[in-house]
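Asker: Before we start, here is the structure in question, set down as structure tokens.
The values are calculated or read from the model by the stated rules, or taken from the named source; none is laboratory data. Model, not experiment: these values are computed from the prediction. Note: ideal-geometry Cβ built from the backbone for every residue, glycine included; neighbour counts use all protein chains shown. Accessible surface is based on the protein model in full, side chains and every heavy atom, while ligands, DNA and RNA are left aside. Shrake-Rupley method; radii C 1.70, N 1.55, O 1.52, S 1.80 Å.
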Amino acid sequence: MVFKSFMSKALVQARAAANRGEVPVGAVIVDGAGQVIALAGNRTRELSDPTAHAEVLAIRAACSALGAERLTGCDLYVTLEPCPMCAAAISNARIGRLYYGASDPKSGGVEQGPRVFSHAQCHHAPEVYDGIDAVASQKLLRDFFKERR
């Protein structure tokens, strides 16, 4: 089987989030057959909801689409390393593989900071692949914050 990245779709969602004034993070969930089942970008400001991160919104949409609380066999593509809250949601949803773009030394929860998946209390750890389209993800974030300083 040939690997096909869906990060370009996550980047589209991140750009849309930036256009809404949100931190530009986008996420895509793909089922085992390679079909996109959910797309989302950050909406914390729009929804006045601190949990409305792209990953959480995509997980909610995918669970709704599948009629299940678990996303076993699904892959998540996200433009930025998930924060601890999102890493816990990924674990609870039983996502099979996590692909992310830019590392987040300040707020990351996967390879940085608390490293949620490495804790004994973590019931499920997905396979993790980092650096997917990292340059494009980093540039989008850098440009977004540069405009606001």
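Asker: Only one residue in Ala33, Ala38 is aliphatic (A, V, I, L, M), in contact with a helix residue (DSSP H, G or I) (Cβ under 6 Å, 6 or more places away or on another chain) and more than 20 Å from Val110 (Cα to Cα). Which one? Give the derivation first.
Answerer: Numbers: Ala33 fails: in contact with a helix residue (DSSP H, G or I) (Cβ under 6 Å, 6 or more places away or on another chain).
It is Ala38.
Asker: Restricting to region 69-96, and then to whatever is in contact with a Lys or Arg (Cβ under 7 Å, 6 or more places away or on another chain) and surrounded by fewer than 23 Cβ atoms within 10 Å (Cβ to Cβ), can you tell me which residue is nearest to Lys4 (Cα to Cα)?
Answerer: Here the residue is Asp75.
Asker: Here is a further query. Of (1) within 23 Å of Leu141 (Cβ to Cβ); (2) open to solvent by 60 Å² or more (accessible area, probe 1.4 Å); (3) among the small types (Gly, Ala, Ser), Ala33 satisfies all except one. Which?
Answerer: That leaves (1) as the condition not met.
Asker: Let me ask you something else. What number goes with the only condition from (1) open to solvent by less than 20 Å² (accessible area, probe 1.4 Å); (2) without any contact (Cβ under 8 Å) to a residue 60 or more places away in the chain; (3) outside any helix (DSSP H, G or I) that Tyr99 does not pass?
Answerer: In the conditions (1) open to solvent by less than 20 Å² (accessible area, probe 1.4 Å); (2) without any contact (Cβ under 8 Å) to a residue 60 or more places away in the chain; (3) outside any helix (DSSP H, G or I), Tyr99 misses (2) alone.
Asker: Then there is this: Just one of the numbered conditions (1) open to solvent by less than 50 Å² (accessible area, probe 1.4 Å); (2) in a strand (DSSP E or B) is not true of Leu39; which one?
Answerer: Of everything listed in (1) open to solvent by less than 50 Å² (accessible area, probe 1.4 Å); (2) in a strand (DSSP E or B), Leu39 misses just condition (1).
Asker: Continuing with the same structure: Please work out if Gly26 is small (Gly, Ala, Ser), modelled with pLDDT of 95 or more and buried (at least 16 other Cβ atoms within 10 Å of the Cβ). If you could, list the steps in order and put the result at the bottom.
Answerer: Working: small (Gly, Ala, Ser): yes; modelled with pLDDT of 95 or more: yes; buried (at least 16 other Cβ atoms within 10 Å of the Cβ): yes.
Spelling it out, Gly26 is indeed small (Gly, Ala, Ser), modelled with pLDDT of 95 or more and buried (at least 16 other Cβ atoms within 10 Å of the Cβ).
Asker: May I pose another question? Go through Phe145, Phe117 for me and flag whichever is open to solvent by less than 80 Å² (accessible area, probe 1.4 Å), without any contact (Cβ under 8 Å) to a residue 24 or more places away in the chain and not basic (Lys, Arg).
Answerer: Numbers: Phe117 fails: without any contact (Cβ under 8 Å) to a residue 24 or more places away in the chain.
Just one listed residue meets the conditions, Phe145.
Asker: Taking region 120-142 as the region of interest, how many residues are crowded, with 16+ Cβ neighbours inside 10 Å, among the small types (Gly, Ala, Ser) and assigned to a loop (DSSP other than H, G, I, E, B)?
Answerer: 1
Asker: Here's a follow-up. List every residue pair whose Cβ atoms lie under 6 Å apart, where the two residues are 6 or more positions apart in sequence or sit on different chains, the first residue falls within region 51-76 and is under 18 Å from Ala33 (Cα atoms), and the second residue, located anywhere, is of a type in the set (Gly, Ala, Ser) and open to solvent by 40 Å² or more (accessible area, probe 1.4 Å).
Answerer: Final answer for the pair search is Gly73/Gly32.
Asker: Now for a different question. Can you tell which of Ala10, Ala27, Ala87 is farther than 21 Å from Cys122 by Cα, within 10 Å of the chain's Cα centre (by Cα) and in a helix (DSSP H, G or I)? Lay out the reasoning, then the answer.
Answerer: Working: Ala27 fails: in a helix (DSSP H, G or I); Ala87 fails: farther than 21 Å from Cys122 by Cα.
Every option except Ala10 fails the conditions.
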